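Working notes for the structure below.
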Amino acid sequence: MEPLVINRAPGDLELVRAFINSRNIEAETDDLSSPEQLRAWLAGRGLVRGDEPLSPGDFERAIRVRQALHGLVLAHNERRMDAAPAALLNRDTAGSMLLVRFAEDGSASLVPGAGGIDGALGMLMAIVYTAMLEGTWHRLKACRNDGCQWAFYDPSRNRSGAWCSMAICGSRLKSKAYRRRHKPAPAH
């Protein structure tokens, strides 16, 4: 279940946001809790064929990639960057064989040269790389509310968005901080 107010990412970056948000920390749900669910999710977005065989190892790798991407968007919201997500992404997406493909109009795009899970994960990495070039990647953040951590797109001019929704998580955290500051002193 997504928060009531959510800022969707532009273009293909929305696919990466949806992949990260396939695990909902607050509701304790996971849309990708089996290889079959992963295949259905990827096939529903055109990343693999509907009959694509996925092994338990493929499933585990996809979940690690999702977690690593989540770690990167957590860092975008003024959290410390950990080198582990980058190393994991480098290792677990190496088989995608990303290639530059040129169109007749002279434009180019980055596409996976592999199929299956390697191609699906490679497509997500191509989207991330393109978003970096376009300047939109660092606007994809994870909510500062530790109980939420929902990935959202920060459209603010100064990139200061901190919560998936000011009406939900922002309000909760501000109220909690207010109560903490105005808590009566303990009686002696």
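The values are calculated or read from the model by the stated rules, or taken from the named source; none is laboratory data. Keep in mind it's a predicted model, so treat the numbers as computed, not measured. Note that we place each Cβ from the backbone using ideal geometry, even for glycine, and neighbour counts take in every protein chain shown. With ligands, DNA and RNA removed, areas are computed over all heavy atoms of the protein, side chains included. Shrake-Rupley method; radii C 1.70, N 1.55, O 1.52, S 1.80 Å.
Restricting Arg61, Arg49 to residues that are among the basic types (Lys, Arg), under 22 Å from Glu14 (Cα atoms), in contact (Cβ under 8 Å) with a residue 40 or more places away in the chain and out of contact with any His (no Cβ under 9 Å at 6 or more places or on another chain) narrows the list to Arg61.
Examine segment 101-111 for a residue that is open to solvent by less than 70 Å² (accessible area, probe 1.4 Å), in contact with a Leu (Cβ under 7 Å, 6 or more places away or on another chain), closer than 22 Å to Ala131 by Cβ and part of a strand (DSSP E or B), and state whether such a residue exists. Taking every residue of segment 101-111 in turn, at least one turns out to be open to solvent by less than 70 Å² (accessible area, probe 1.4 Å), in contact with a Leu (Cβ under 7 Å, 6 or more places away or on another chain), closer than 22 Å to Ala131 by Cβ and part of a strand (DSSP E or B).
Within segment 87-96, restricting attention to residues that are farther than 30 Å from Trp163 by Cβ and of a type in the set (Gly, Ala, Ser), which residue is most open to solvent (accessible area, probe 1.4 Å)? So the residue we want is Ala94. Selection within segment 156-180: residues that are at pLDDT 60 or above and over 25 Å from Ala27 (Cα atoms). The member of this set that is most open to solvent (accessible area, probe 1.4 Å) is Arg157. Condition test on Ala126, is it part of a helix (DSSP H, G or I) and either more than 21 Å from Arg23 (Cβ to Cβ) or open to solvent by 40 Å² or more (accessible area, probe 1.4 Å) (or both)? Judged against the criteria, Ala126 is a match.
Could you please give the count of residues in segment 57-86 that are open to solvent by 50 Å² or more (accessible area, probe 1.4 Å) and closer than 23 Å to Asn21 by Cβ? So the count comes out to 9.
Of all residues in segment 1-48, those that are touching a helix residue (DSSP H, G or I) at 6+ places or on another chain (Cβ under 8 Å), open to solvent by 50 Å² or more (accessible area, probe 1.4 Å) and modelled with pLDDT under 95 total 3.
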